[in-house]
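Here's the structure we're looking at; comments come further down.
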Amino acid sequence: MTIRTGDRLKALRALFRSEQQQIDAFLIPSEDAHQSEYGADCDQRRQWISGFTGSAGFAVVSNQEAALFTDGRYFLQASEQLDENWILMKQGLPGVPTWQEYLVSKLPPGSRIGLDAALTTVADAQDLRERLSTVDSVLVPVERNLVDIAWGDERPSTPHDKVFVHSVEFAAQILGETHQDKLSKVVQHLKEKDRFGIIVSALDEVAWLFNLRGSDVDCNPVFYAYAVVTQSQPTLYINPEKLTPAVRDHLEGVELKPYDAIFDDLRQLKNTLASSNQKFLIDGNTSLAIEEAVGAEFVVGERSFINDAKAIKNERELKGMRECHIRDGAALVRYFAWLENQLAAGHRLDEVEAGDHLEKLRAAQQDYVGLSFPTISSTGANGAIIHYEPQRGNCKTIDPNQIYLCDSGAQYKDGTTDVTRTWHFGTPTDYEKACFTAVLQGHIALDMAVFPTGTTGYLLDPFARMPLWKQGLDYRHGTGHGVGSFLNVHEGPHGIGVRAPYNNTPLAAGMTVTDEPGYYEDGKFGIRIENVLIIRKQDTPNNFGDRGYLGFEHVTMAPIGLNLVDESLLSPAEKKWLNDYHQECFEKLTPLIASDPDAVAWLKKETRPLL
């Protein structure tokens, strides 16, 4: 669906020459003040101004044109959603500038470029200033976001949902990892670094640090807050109406202040920092507004200690990930069995109706909280839209003679799931089977990988792509991302893919990561197979260099569509992996679906061994 944006752009540009601004262009990122991938409705500024609903993108609006920058996951979706007022900049393709390069090369020298300092990271601001200085252009922070002004009374209000305690039953191992334990580790880190304190702005880091969860952002159990932890005192900045008596009791010893009070508090600390020659730690994703409040001279950039700690799951969290994926798999089996039977009986189901039924089945599982992202239920050509989200009343009827791709996940109290399966409920073509089998081979290759400690996901990415490359095929998205423990479904700092940052973080035991190669043909079909993996220590016959070796343990339990597999292309080792995986699925899922004979029969059919 395309939204007309002419009036919105006109209202925004009218603000460029107001008495306060005097700017030539305005920057509109997707993220909120905490650099969240997904934000509350009130923070969907880039979506509102452009009409593009994908999670990743950056808009630059000048007096002359409006440009939307996004990556390969969203090329097709953006081309369908943007109207004639926008230029689509397909990042990563030859000759296409980044949005930073665009500001230097496309805007006139001496331009004044407006931005919201709360939405701009310290790292981006530093990089931009250096680039713009070469053409005498400057950044101009605005007092109030211009999109918010243009949006006016129609802009949604800030969420006020209550937060709740994430029970230690799910968050801690036997020895305990309460929020006090986590805060003690942060204080110890500050002492080792001889720093005054640390400023925490990422919402999932705040939630993890205090063992709290919320519902301010759809599908992400986080809440709007900042934290400042010094060697002597932790402070949580959160609006008081969000706190229940139980949460206040849980946070005994933590100073509680209103959300916006952090900026005045940081300004008032300048004298203390100057007299004691002390500084705060911040990471590169902290907002420019935070840095300006405390003063650039009083902060030191550091890779987030909390994000790194959060990425390594403790044994209780890993146990929860295993258990919730089995329950999730039971819901998936019941869903796919139901869907196949419905289609075989000639019933018409659209993409949303099917996804609604899956959500209902998941909601019946123990400790279910909600979805971990909007379900991607896509038939035929819609599957080629990598992050497709069907719209109620404006989506396709599922065609049993076309490929069906379902990427979905849930939030459970003991973990987060993310799984993609691709099916054909009729007779696939030889070409479709060849493409699917190449994706499966890449999936298996990564799952079976063994690698020395210190290896990054950047280096492992070719394992998943090689079978596709041999066919002259590829895909325009990462191969894997971290997954939170009842937190954000996309979690860093690690991942598997071709993006340079993935080469900065070695994979480590206790991390979770997805394995999701795919292949997509615009206008025809999409294929993706995705499991969640746990990184574990691997026993090897030798230990060259005394480095230690790592491997993967898959926790997702859901059959892989056998009628799309071309058995003749599989090696004996690949066939054994598939048979072993399906036997594991059958054994773990059958007890949970025993009361549903249709699901049991379907599971038995879809896990039959290949000979």
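The values are calculated or read from the model by the stated rules, or taken from the named source; none is laboratory data. Keep in mind that this is a model prediction, so the values were computed, not measured. Ideal geometry is used to build each Cβ from the backbone, glycine not excepted, and the neighbour counts take in all protein chains shown.
Some notes on this structure:
- From Thr158, Thr178, residue being surrounded by 13 or more Cβ atoms within 10 Å (Cβ to Cβ), in contact with a helix residue (DSSP H, G or I) (Cβ under 9 Å, 6 or more places away or on another chain), modelled with pLDDT under 95 and farther than 28 Å from Asp414 by Cβ: Thr158
- Sole residue being in a loop (DSSP other than H, G, I, E, B), over 28 Å from Phe305 (Cβ atoms), modelled with pLDDT of 95 or more and not assigned by TED's automatic domain parsing to the domain that holds Asn277, chosen from Asp136, Asp148: Asp136
- Residue list for region 465-485, restricted to those being closer than 28 Å to Lys310 by Cα and of a type in the set (A, V, I, L, M, F, W, C): Val483
- So Gly551, is it farther than 30 Å from Lys396 by Cβ, modelled with pLDDT of 95 or more and in the same structural domain as Tyr431 (by TED's automatic domain parsing): yes
- Meets criteria (modelled with pLDDT under 95, out of contact with any strand residue (DSSP E or B) (no Cβ under 6 Å at 6 or more places or on another chain) and of a type in the set (Lys, Arg)) for Arg17: yes
- Residue match in region 496-506 (condition: of a type in the set (Lys, Arg) and in contact with a strand residue (DSSP E or B) (Cβ under 8 Å, 6 or more places away or on another chain)): no
- Count of residues meeting criterion [closer than 18 Å to Lys576 by Cβ and touching a residue at least 24 places away in the same chain (Cβ under 8 Å)] in region 457-467: 1
- Which listed residue, of Glu297, Glu359, Glu323, is in a helix (DSSP H, G or I), closer than 25 Å to Ile398 by Cβ and either of a type outside the set (Val, Ile, Thr) or free of Cβ contacts under 8 Å to residues at least 40 places away in the same chain (or both): Glu359
Matching residues to (1) in contact (Cβ under 8 Å) with a residue 40 or more places away in the chain; (2) surrounded by 17 or more Cβ atoms within 10 Å (Cβ to Cβ); (3) part of a loop (DSSP other than H, G, I, E, B):
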{"site": "Ala207", "(1), (2), (3)": "yes, yes, no"}
{"site": "Tyr224", "(1), (2), (3)": "yes, yes, yes"}
{"site": "Val229", "(1), (2), (3)": "yes, yes, no"}
{"site": "Gly253", "(1), (2), (3)": "yes, no, yes"}
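- Every listed requirement among (1) farther than 24 Å from Ala438 by Cβ; (2) in contact (Cβ under 8 Å) with a residue 60 or more places away in the chain is met by Gly561 save one, (1).
- Residues (among the acidic types (Asp, Glu) and farther than 24 Å from Ser30 by Cα) located in region 287-302: Glu297
- So Asn307, is it under 20 Å from the mean Cα position of the chain (by Cα), surrounded by fewer than 23 Cβ atoms within 10 Å (Cβ to Cβ) and either assigned by TED's automatic domain parsing to the domain that holds Asp414 or under 21 Å from Gln180 (Cα atoms) (or both): yes
- Every residue from region 442-501 that is among the basic types (Lys, Arg) and within 30 Å of Asp216 (Cβ to Cβ): Arg499
- Counting only helices (runs of 4 or more DSSP H) that sit wholly inside region 45-122, those with at least 2 residues that are farther than 29 Å from Gly497 by Cα and in contact with a helix residue (DSSP H, G or I) (Cβ under 9 Å, 6 or more places away or on another chain) are 45-50.
- Filter result for the condition that a residue is under 29 Å from Lys319 (Cβ atoms) and not hydrophobic (A, V, I, L, M, F, W, C), over Thr427, Thr479: Thr479
- Restricting attention to region 563-602, the residues being of a type in the set (S, T, N, Q) and not in a helix (DSSP H, G or I) number 2.
- Subset of region 554-580 that is small (Gly, Ala, Ser) and under 20 Å from Glu516 (Cβ atoms) - its residue that is farthest from the chain's Cα centre (by Cα): Gly561
- Scope region 342-355; condition assigned to a helix (DSSP H, G or I) and surrounded by 15 or more Cβ atoms within 10 Å (Cβ to Cβ); matching residues: Gln342, Leu343, Glu351, Val352, Glu353, Ala354, Gly355
- Breaking point among (1) surrounded by fewer than 20 Cβ atoms within 10 Å (Cβ to Cβ); (2) farther than 20 Å from Arg322 by Cα, for Ala364: (2)
- Evaluation of Ile28 against (1) over 26 Å from Pro493 (Cβ atoms); (2) touching a helix residue (DSSP H, G or I) at 6+ places or on another chain (Cβ under 8 Å) (one fails), failing number: (1)
- The listed residue being of a type in the set (Gly, Ala, Ser), within 26 Å of Gly484 (Cα to Cα) and surrounded by 13 or more Cβ atoms within 10 Å (Cβ to Cβ), out of Gly548, Gly561: Gly548
- Test for Gly454: is it under 27 Å from Cys324 (Cβ atoms) and either of a type in the set (Phe, Trp, Tyr) or in contact (Cβ under 8 Å) with a residue 12 or more places away in the chain (or both): no
- Residues in region 564-605 that are under 17 Å from Ala331 (Cβ atoms) and aromatic (Phe, Trp, Tyr) were compared, and the one that is surrounded by the most Cβ atoms within 10 Å (Cβ to Cβ) is Trp602.
The rows are residues; the columns are (1) basic (Lys, Arg); (2) surrounded by fewer than 18 Cβ atoms within 10 Å (Cβ to Cβ).
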| position | (1), (2) |
| --- | --- |
| Ala11 | no, yes |
| Ala25 | no, no |
| Ser36 | no, no |
| Arg45 | yes, no |
| Thr53 | no, no |
| Phe58 | no, no |
| Ser62 | no, no |
